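The values are calculated or read from the model by the stated rules, or taken from the named source; none is laboratory data. What you are looking at is a predicted structure, and each value in this text was computed from that prediction instead of being measured. As a convention, Cβ positions derive from the backbone with ideal geometry for all residues, glycine included, and neighbour counts pool all protein chains shown. Quick note on the areas: whole protein, heavy atoms, side chains included, nothing else; ligands and nucleic acids left out. Shrake-Rupley method; radii C 1.70, N 1.55, O 1.52, S 1.80 Å.
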Amino acid sequence: MSSPYGTGAYVHIPFCERRCDYCDFATWTDRSHLMAAYVDACVSHAQALRREHPGAIDHVFFGGGTPSLLPPDDLGRIVDALQPTPDAEITVEVNPDSFSDRHARVYAASGVNRISMGVQSMDDEVLVALGRTHNRDNVAQAVRAARGAGIEHVNVDLIYGSPVESFRSWIASVSAALSDDIDHLSCYALTVEPGTPLGASVAAGTARAPDDDDQAAKYEAIDELCESAGLSWYEISNWARPGGECRHNQNTWAGGNYLAVGAAAHGFMDGARFWNVRTPERYIEAVSTTGDPVAVRVPQSLQDRYVETLMLGLRTRTGVDLAGWPDAVIQTAADLVDIGLLVAGGRSAPPNFDQSGRPSQTRDADSCHGADGQRFSLTRRGRLLASHVMSELASHLPDGR
Amino acid sequence: MQFDISQSRCFSIIAHVDHGKSTLADRMLEVCNAVDPRDMRSQYLDTMDIERERGITIKAQNARLTYKNHTLQLIDTPGHVDFSYEVSRSLAACEGVVLLVDASQGIEAQTLANCYLALDNDLAIVVALNKIDLPAAEPERVASEVEKVLGVPAEECLYVSGKTGEGVTELLDAVIDRIPAPTGDPDQPLQALIFDSVFDTYRGVISSLRVMNGVLDAAQPIRFLNTGTVHPVDEIGVRLPVNTPVKQLTPGEVGYLIAGIKNLDEARVGETVSTAAHPGTALEGYREPKPMVFCGLYPVDGDEFDELRESLDKLALNDASFTYAPETSHALGFGFRCGFLGLLHMEIARERLEREYNLSLVATAPNVQYKAFTTDGNMTEVHNPSELPEASRLDHIEEPYSVISIISPSEYIGTIMDLAQTRRGELQRMDYLSPERVEIVYDIPMAEIVMDFFDVLKSRSKGYASLDYEIGDYRTSKLVRVDVLLNGQPVDAFSTIVHTDKAYDYGRKMAAKLRELIPRQMFDVPIQAAVGSRIIARETVKAKRKDVLAKCYGGDVSRKRKLLEKQKEGKKRMKHIGRVEVPQEAFVSALRLDD
Ligand SMILES: Nc1nc2c(ncn2[C@@H]2O[C@H](COP(=O)(O)OP(=O)(O)OP(=O)(O)O)[C@@H](O)[C@H]2O)c(=O)[nH]1
Ligand SMILES: C[S@@+](CC[C@H](N)C(=O)[O-])C[C@H]1O[C@@H](n2cnc3c(N)ncnc32)[C@H](O)[C@@H]1O
Ligand code: SF4
Ligand SMILES: [Mg+2]
């Protein structure tokens, strides 16, 4: 499926200093000795992918793990191997305490124009409870470093709903983050993942699980604080100043194509989802032997496409266009409008791209409505109850693959 | 060995639960070399899986042994009160009993109840004090208790251990000495009493019987005197304990009969077997045990209704005391109202259905059978709270009472009386069996004992008190039906009939329990308990505010997709009470007795 956001590349960097209690991402804390070989593998894999897919790469996202743990020049080598367009959005996820002025300068020189910083909280007590290594003072410093080096976009990730986090602490974290020079904020409800230290403590009863009502209240607070600071929601967990939206993520939610580089990286190309082998060792090995580290490739069926369109599209402010969908789905959407979970009509247009490939905000909101106005998107209450909305709609899709 | 009536003894082993009947029977089988040592296992006569697993006897079993030129026909009986009808039946085939008393425990409730049954039947009683191998055994003390309470002289009590086998031959000698040989006339028309019938998939009904007069001949057609039906005989035999065919059974013999009968109703317990050619007169049968406890059984998955019906049919083949009739619940769909002899019977039936027939079931709270009298003077039997006539037409309700006998160490008298009082018991009498042990007798509504009375009694008395009950009369009580409403809709499965004084308590507990069990919906769900139109308790399940997954990055799509499908599947298993979606599991947990 093509998306208005072009084609992207996701690069996974599976190294961290310490594992946070809640995190179940593919990352390792004891394999820094593999970094050099890993970067080499990523470079040669990226080169091979570019030979196979010579078209434009419009955005690159370095996610982790902690990409800022790599020597910054090494990260630049991977960017070069991917040959993104000159205007491409290039994002790197960094941790506040492993991101220095030097990182910022070298990144900027390599074309990195967006930093996404894992801050999680501005309350040191909460940070300790989450098992984080940095403190709040690292954050402002890191943001200044990015800005000082001329990096255009800065995002901060926050997590809300730790049982030790009071409502006031949360308001303070959001406000502090918004007072830094950022144009994007991601706020994630703390999720208890099985297999993590947090998951184990909750299962054993030694830690409390986050409370849905507390998280709902905190979510509403974010939305208010962001809107009044000039950042508006464009995906359930993401707010941005106009033009600050992350193109790479928008591409994912729109069902667009992206390549996958690195261990455990997921990609989507030409109607198939796929992911690479999980461990860095196996990734290095696969790239150097067969040259193909893909572990699983799942072609998308028509049914998959419907469901994924709902699952991803509904998360965004643009919503989904149900024109041509089964009547029962449209009727259900209308019922959900009645109970205040959906609104008819998208909330705003997906950004248009001008000649230079930059998003423009010139489209008016109505132009994105489906031909017969069958576009639906979530209300604020609907965003919090999105699973219900999605499963209600999906349950009216015809079964079968 | 040729059967000689004067050398024969028929007896049952009776006792309180767990006093060691089946274990003693094992030793008797061994002493008489009835079982090949390679095939021997503990509680040999407990053959059902559920008996072996729970270590209790549910069905009486008989065996024929040869000992010192005598034919001993023994019946091992269950001790649990729910199955006491098995004991009564067995006694009709005997001239005597071995009354076992655990020497480390003393006389308990079913010791007394079973002893009275034996006395009612004019049977010779041989008392044996069991488990004398235990360090805690006090046979002398228990012997004097026996003398005082049962009137059997202490010096007549035998001391045995079913575990070590000590005293077993002396006990068998006493059986021969003290229990009279059967009498009967082989020349009279045949009269054989069926005292047990079980259904076998391959052979049909297999009945256990005792010949009183006349001769049962495998070659001659038989007639059942009560039903009047005539059948050719497939096989008759004796249990050694392995079924062994014989050509004839003569007076005083206990054996089995197979006559190609496919339905337990045609070979009911209490039936008299005679010959088709020269039918005799019918013997006195038994009073059919009546179900006392009822509950609705519903398949968790509505699609399993047919399987449930078939399984109940099969279960009933082997259990004539259990009843079932289809019923419909608004909340639970199609199911059956089932009647049981008691709570253990109910628990066992349910467990067998779930395990042997692989069903998962929701059981409604057990209730007794009420009699509702309407203002026009009509009476309705109420097996299910929803059958209760409207309050405006209702004149009064009667409920069944029972007479319970509790035997306990005297130190627990206070707490036991307190318990019985709160359960509306009326003290009838209290007798000291010995300075340390007391029997307390109450009249008490059956509804109060079918819930959790026994468990509470056990825990209050640290396990020492025992309970026996007998069905009593019906009495008028101040009873009301408590309904439970979800979002204004009554949920029939949660309705119950209780005494007015307990309505509030039930309502509050149920509402609180449901608040925990009902998942939050898209709107506030009030839970109310009501008596008629009066709300007596109220809780609210607050509307769900958040269910969204915080993050959905590329790698998550497949995983999140699976979650969504799972949710979709879960929805299918939901019951709808008005707009409220209730998972089946919530019914299962809300209706579970132990909370
Ligand atoms: N120490 C000791 N234990 C015994 C003796 N006889 C039975 N037991 C134990 O007591 C328990 C109950 O024995 P059963 O023979 O099943 O008792 P029962 O009277 O047949 O029980 P129900 O049929 O359920 O009424 C078992 O754990 C036996 O091992 C004995 O003489 N000595
Ligand atoms: C994969 S992490 C990588 C970023 C970086 N390593 C860091 O933690 O600072 C991306 C973001 O996901 C969010 N996240 C990870 N696990 C989460 C969880 N269990 N619940 C909520 N958010 C989570 C955190 O906000 C984190 O910053
Ligand atoms: S949250 Fe970030 S820093 Fe923590 S373990 Fe996960 S990837 Fe590493
Ligand atoms: Mg037994």
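Over segment A:1-81, consider all pairs of different Cα atoms and compute the Kirkwood hydrodynamic radius from their mean reciprocal separation; express it in Å, one decimal. For segment A:1-81, inverting the mean 1/r across all distinct Cα pairs yields 13.8 Å. Accessible area of A:ARG282 (1.4 Å probe, protein heavy atoms only, ligands and nucleic acids ignored): about 130 Å². Note on segment B:345-411: the alpha carbon radius of gyration divided by the globular reference 2.2 N^0.38 Å gives 1.65. Evaluate the Debye formula for the protein assembly as shown with equal point scatterers sitting on the alpha carbons, no solvent, and hand back log10 of I(q)/I(0) at q = 0.08 Å⁻¹, in q order, two decimals. Rounded to two decimals, the profile gives -0.88. I'd like the residues of segment A:309-324 whose 1.4 Å-probe accessible area shrinks by no less than 50 Å² going from the isolated chain to the full set of protein chains. For segment A:309-324, once contacts with the other chains are taken into account, A:MET311, A:ARG315 lose 50 Å² or more. Dipole check for the protein assembly as shown: with +1 at the C-beta of Lys and Arg, -1 at the C-beta of Asp and Glu, and the Cα centre as origin, the magnitude is about 2760 Debye.
Note on B:ASN69 and B:ASP4: their simple-model spin labels are 0.6 nm apart, each label 7 Å out from Cα toward Cβ.
Per q in 0.10, 0.15, 0.16, 0.24 Å⁻¹, report the Debye log10 I(q)/I(0) for segment B:371-477, using one uniform scatterer on each alpha carbon and no solvent. The Cα Debye sum returns log10 ratios of -0.36, -0.66, -0.72, -1.23. For segment B:191-275, the fraction of 1.4 Å probe accessible surface lying on carbon and sulfur atoms is 52 percent.
Share of carbon and sulfur in the accessible area of chain A stands at 49%, probe radius 1.4 Å.
Remark on segment A:1-29: accessible area falls by at least 50 square angstrom from chain-alone to full-complex state for A:PHE25, probe 1.4 angstrom.
In chain A, Cα pairs under 8 Å separated by at least six residues give a relative contact order of 16 percent. The Cα-based radius of gyration and maximum Cα-Cα distance (Dmax) for segment B:37-173 are 14.9, 43 Å. For the cross-link pairs B:LYS59/B:LYS290; B:LYS21/B:LYS59; B:LYS509/B:LYS544; B:LYS59/B:LYS371; B:LYS542/B:LYS562, the ones whose C-alpha atoms lie over 21 Å apart are B:LYS509/B:LYS544; B:LYS59/B:LYS371; B:LYS542/B:LYS562. Within segment B:271-324, the trypsin sites (Lys or Arg not before Pro) that combine a DSSP coil assignment with at most 11 other C-beta atoms in a 10 angstrom radius are B:ARG287.
When the surface is traced with a 1.4 Å probe over the full set of protein chains, A:ASP321 keeps roughly 50 Å² accessible.
Percent antiparallel among DSSP beta bridges with both residues in the protein assembly as shown, to the nearest 5?
About 70 percent, rounded to the nearest 5.
When a 1.4 Å probe is rolled over the protein heavy atoms, the share of accessible surface on segment B:455-522 that falls to carbon and sulfur comes to 50 percent.
Relative contact order of chain B, taken over Cα pairs closer than 8 Å and 6 or more residues apart, is 10 percent. Probing with 1.4 Å while keeping every protein chain in the model, the per residue accessible area of segment A:199-322 equals 36 Å².
Normalised Debye scattering of segment A:118-161 at q = 0.16, 0.19, 0.26 Å⁻¹ gives log10 I(q)/I(0) of -0.44, -0.58, -0.90, counting only Cα atoms as equal scatterers and leaving out solvent. Taking chain A as a Gaussian network of alpha-carbon nodes connected by springs under 10 Å, the highest mean-square fluctuation of the residues A:GLY324, A:GLY65, A:GLY382 belongs to A:GLY324. When the other protein chains are added to the chain by itself, burial of at least 30 square angstrom of heavy-atom accessible area (probe 1.4 Å, ligands and nucleic acids ignored) affects these residues of segment B:501-550: B:ARG520, B:MET522, B:ARG545, B:LYS546, B:ASP547, B:VAL548, B:LEU549, B:ALA550.
Find the accessible area per residue for chain B; the probe is 1.4 Å, ligands and nucleic acids are left out, and the unit is Å². Please report the intermediate quantities before stating the final value.
On the way: 25270 Å² over 595 residues.
Heavy-atom SASA per residue in chain B reads 42 Å².
The spacing between segment A:53-128 and segment B:277-344, judged by their C-alpha centroids, is 71 Å. Solvent-accessible surface (1.4 Å probe) assigned to B:LEU427 amounts to roughly 80 Å². Spatial offset of segment B:77-108 relative to segment B:191-211 amounts to 21 Å, using the alpha carbon center of each.
When restricted to Cα atoms, segment A:8-252 yields an Rg and a Dmax of 17.9, 53 Å, respectively. Once B binds A, the 1.4 Å probe can no longer reach about 3100 Å² of accessible area, counting both sides. Between Rg and the Kirkwood Rh of chain B, both from Cα atoms, what is the Rg to Rh ratio? Value, to two decimals: 1.03.
How large is the helix-only mean residue ellipticity at 222 nm for the protein assembly as shown, computed as the sum of -39500 (n - 2.57) over DSSP H runs with n ≥ 4, divided by its residue count, in deg cm²/dmol to the nearest 500?
Helices in the protein assembly as shown give a 222 nm mean residue ellipticity of -9000 deg cm²/dmol.
The DSSP beta bridges internal to chain A are antiparallel in roughly 45% of cases.
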